[in-house]
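Here the structure comes first, spelled out in structure tokens, and everything after it is commentary.
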Amino acid sequence: MASSLNAEKGCVTAKPSCSPSTAEDGDEKPATTLTVPAAQGSVDGGTRAWLQVAGSFIVFGNLWGMTFAFGTFQSYYELTYLPSSDASTISWIGTICTFLLILGGIASGPLFDWGYFRSMLIIGALVETLSVFLLSLCSEYYQILLTQGILSGLGNGLLYIPGLALVGRAFKKHRAIAMGITTCGAPVGGIIYTLMFERLINIMSFGWTVRIMGFVMLASYSIAFPLILWRAGNVGDISSGQARKLFDKTAFKDLPFWCYTTSNFLIFCGYMVPFYYMASYGQLELGMNRSDANYVIIYAQAASIIGRLVASFAASRVGVMIPWTICAVSSGIFCIAWIGVKTPGAFIAYAVLYGCFSGALIPLPPSVFPTVCPDVKVLGARLGMAQGIGSFASLIGSPIAGALISINSHGGSRNYLGLQLFGGLIMAAGGGNLVILWVLLIRQRELTSKLI
């Protein structure tokens, strides 16, 4: 994400410094990468740019779609395919993939800055597709962890930056709309892959179910890359630029940076927990069949699309902090309210509400970061650091929640109370911390409006 911000450098309005401590930067010799200038002389929007949005939408549908569909795999592994492995152990497969996706995206940023975006897209797609086909041959936990967890995550890490940054460079006037449409590919991909798995696993083996998903992924990338790369002259010369810092140690002295990072960490510790465990909860606690339980995940993912769009519109009117805080606290409250869900109808209502409010927690945080760090010279580096720390929350959150299921469980039954409290309280705490961040920004950044 750090490099994607650099790729859009021209769209950030900056104040002189991020914090008083940045005056020490001249004495440092930090690691460097390249700062990508805004595309000069490029066409703003147009048919070519919107075709790139369509291609990037497909890319996001693949790299994030499989991540959002993991809840379906989680319940199938837990109840059918890997019954000897507990919920916490299985969830490491999905969280390692997400962790490598985010951290790999940050680490591969310099490759984008040097102009290797074509190679990143092609190699990343080949690695992810290969991981799916190899998954179809797996029958042991360690094999699934290596393919669906590690190999898929590494491939996704290469796809993350170019899929987003190329769209950002192709637009000026309608950049926010274009980026919003691109990121909506994630829940749409999650719906498609969840639906595919559910429909196919009932009529064929696990191996052929996953293989067909791999063929669909390969075909979709074959459509996406010509849309993104063919005559992609509208994004300017990506490989030109000047050296900039990849790591900024002065960020650790900046209180708003720490408050932003802490809030994100707490929120993302609990964010994916319901998506991972909804299906197994529906089957084990409510007596739903596998199809109905998996459809609940689809309802939540569909609602998240609405939540993203509504929250983005609200942010354009009243600033980011109000919808971000409301959505984070509400998501935590809904997760706690999950404790009282005892019927399939109530479960569906809970899933829709949680999906709608939690959907905004993905696109909103980066939008406020230029206010957290108004110095464009270190903005990309600090956002990358914040996202890197947050990736560890995505890594550990769901396994912790899964381990809590075993507490007070008897005779093979599951106790989801600890999981529900963990997910709800930690997200609510993150939302509460956003209020502190809001106050700090108003006081320390000398803002003319409280609507940030």
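The values are calculated or read from the model by the stated rules, or taken from the named source; none is laboratory data. These numbers come from a predicted model, not from an experiment. Quick reminder, even Gly has a Cβ in these numbers, built from the backbone with ideal geometry, and neighbours come from all protein chains shown.
Assorted remarks:
- Filtered by the rule that a residue be in a helix (DSSP H, G or I), within 18 Å of Asn415 (Cβ to Cβ) and in contact with a Ser or Thr (Cβ under 8 Å, 6 or more places away or on another chain), the stretch 279-292 gives Ala279, Ser280, Gln283, Leu284.
- Of the candidates Gly157, Gly180, the single residue that is in contact (Cβ under 8 Å) with a residue 60 or more places away in the chain and under 17 Å from the mean Cα position of the chain (by Cα) is Gly180.
- Helices (runs of 4 or more DSSP H) completely within the stretch 53-116 that count 1 or more residues being under 17 Å from Leu145 (Cα atoms): 65-68, 70-76, 87-107
- Condition broken by Phe112, with the remaining ones in (1) modelled with pLDDT of 85 or more; (2) farther than 25 Å from Tyr277 by Cβ; (3) not polar (S, T, N, Q) satisfied: (1)
- The residues listed here are Pro344, Pro274; of these, the one that is buried (at least 23 other Cβ atoms within 10 Å of the Cβ) and over 24 Å from Thr371 (Cα atoms) is Pro274.
- Output for the stretch 99-132, where each listed residue is among the hydroxyl-bearing types (Ser, Thr, Tyr) and in contact with a Gly (Cβ under 7 Å, 6 or more places away or on another chain): Ser108, Thr129, Ser131
- Meets criteria (outside the structural domain of Leu79 (by TED's automatic domain parsing) and under 19 Å from the mean Cα position of the chain (by Cα)) for Trp324: yes
- Any pair with Cβ under 7 angstrom, 6 or more apart, that starts in the stretch 200-219 at a residue that is touching a residue at least 40 places away in the same chain (Cβ under 8 Å) and ends at one that is outside any helix (DSSP H, G or I) and polar (S, T, N, Q): Gly207/Ser136; Val210/Ser136; Arg211/Ser136; Gly214/Ser136
- Here Val310, Val320 are screened, and the one residue that is surrounded by 23 or more Cβ atoms within 10 Å (Cβ to Cβ) and modelled with pLDDT under 95 is Val320.
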